[in-house]
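Asker: One structure follows; several queries about it will come next.
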Amino acid sequence: MPGVSDSHPDIHWPSGFAPDQAQSFCAAQAVVNAPPARAFELLGDVARWPEWVPGITEVRAGPFVRNFEVWLHGHRFEVFVGERVPPYRLGWSGVGAGVQLYQAWLLIAVEFGTCVVAESVVRGAAAMSLQMSSPSWAQRLSSLWLAQLKRLAESAP
């Protein structure tokens with residue numbers, strides 16, 4: 001499993017959620033040929049996640065999205081936005097299905113668009129069990145999420 005040394009130095013981890021304190025940590029990145037604001041807009045539009053985020057089938061959120069509920073692979077997660085700095089940073093924690101997680105997004109303007117860095121830590125017995133049975137599960141999920149984000153951001157007018 002990647003460790004704290006694999007984490008991007010500009011990711012802000014909340015207390016208790018550093019990569020070296022988790023049962024699962026993954027880091028993924030991709031260059032998206034669109035400005036950071038477009039990627040940020042897609043990530044922040046949680047009501048539309050079921051249309052493009054792998055495994056999410058439902059989202060319940062109010063008009064001012066600081067916390068919301070998502071259903072990921074049939075499991076309910078309560079999500080709290082911990083960091084929101086448009087259009088460069090997003091971070092949220094989630095609780096559900098026997099795990100606690102924190103997912104951080106860093107959007108860095110580069111010459112041809114945006115370098116999107118996504119890092120996640122997951123804690124709890126279910127995370128430990130999943131890590132043992134399928135060590136690359138978190139990496140696969142993050143890679144799919146990034147691929148979909150890239151596809152949508154680049155297809156926007």
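The values are calculated or read from the model by the stated rules, or taken from the named source; none is laboratory data. As the structure is a prediction and not an experimental result, all values here were calculated from the model. Counting neighbours? That spans all protein chains shown, and the Cβs are built from the backbone with ideal geometry, glycine included. To get the accessible areas, we keep the full protein, side chains included, count just its heavy atoms, and leave off ligands, DNA and RNA. Shrake-Rupley method; radii C 1.70, N 1.55, O 1.52, S 1.80 Å.
Asker: Before rounding to the nearest 500, sum -39500 (n - 2.57) across all DSSP H runs of length at least 4 in the chain and divide by the residue total; then give [θ] at 222 nm in deg cm²/dmol. Please report the intermediate quantities before stating the final value.
Answerer: Numbers: 4 runs with 41 residues, N = 157.
Taking each H run of at least 4 residues, the total per residue is -7500 deg cm²/dmol.
Asker: Might you report the magnitude of the Cβ-based charge dipole of segment 27-111 about its Cα centre, with Lys and Arg at +1 and Asp and Glu at -1, to the nearest 20 debye? Don't skip to the answer; put the middle values down first.
Answerer: On the way: 7 positive and 8 negative charges, 25 e Å.
Computed charge dipole of segment 27-111: roughly 120 debye.
Asker: For the chain, what is the relative contact order in percent, using Cα pairs closer than 8 Å and at least 6 residues apart in sequence?
Answerer: Working: 307 pairs, mean separation 46.8, N = 157.
Contact order relative to length: 30 percent.
Asker: Follow-up. Put a dot 7 Å past each Cα toward the Cβ at ASP20 and THR57; how far apart are the dots in nm?
Answerer: That separation, rounded to one decimal, is 4.0 nm.
Asker: Indicate the helices, whole DSSP H runs only, in the chain that combine a mean Kyte-Doolittle hydropathy of -1.0 or more with a Cα extent along their long axis of 24 angstrom or more. Walk me through the intermediate numbers first.
Answerer: On the way: long enough: 137-155 (27 Å, -0.17).
For the chain, where a helix must reach 24 Å along its axis and average at least -1.0, the hits are 137-155.
Asker: Set Lys and Arg Cβ to +1 and Asp and Glu Cβ to -1, take the dipole of the chain about its Cα centre, and tell me which of ILE11, ALA97, VAL85 lies farthest positive.
Answerer: Selected residue: ALA97.
Asker: Quick check: pseudo-label points 7 Å beyond the Cα along Cα→Cβ at GLU78 and ALA47, how many nm apart are they?
Answerer: A separation of 2.3 nm, rounded to one decimal place.
Asker: Determine the gain in length on full extension of the stretch ASN33-LEU144; use 0.36 nm per residue of separation and subtract their C-alpha separation, reporting nm with one decimal. Working shown, then result.
Answerer: On the way: separation 111, 0.36 × 111 = 39.96 nm, distance 1.70 nm.
Full-extension gain reported as 38.3 nm.
Asker: Sticking with this structure for a sec: For SER15, what accessible area in Å² do you get when you roll a 1.4 Å probe over the heavy atoms of the protein chains, rounding to the nearest 10?
Answerer: 120
Asker: When the dipole is taken about the Cα centre of the chain, and only Lys, Arg (+1) and Asp, Glu (-1) are charged at their Cβ, what size is it in debye, to the nearest 20? Mind showing how you got there, number by number?
Answerer: Values: 11 positive and 13 negative charges, 46 e Å.
In total the dipole reaches around 220 debye.
Asker: In whole Å, largest first, what are the principal axis extents of the Cα atoms in the chain?
Answerer: Dimensions of the chain along the principal axes of its Cα atoms: 43, 35, 26 Å.
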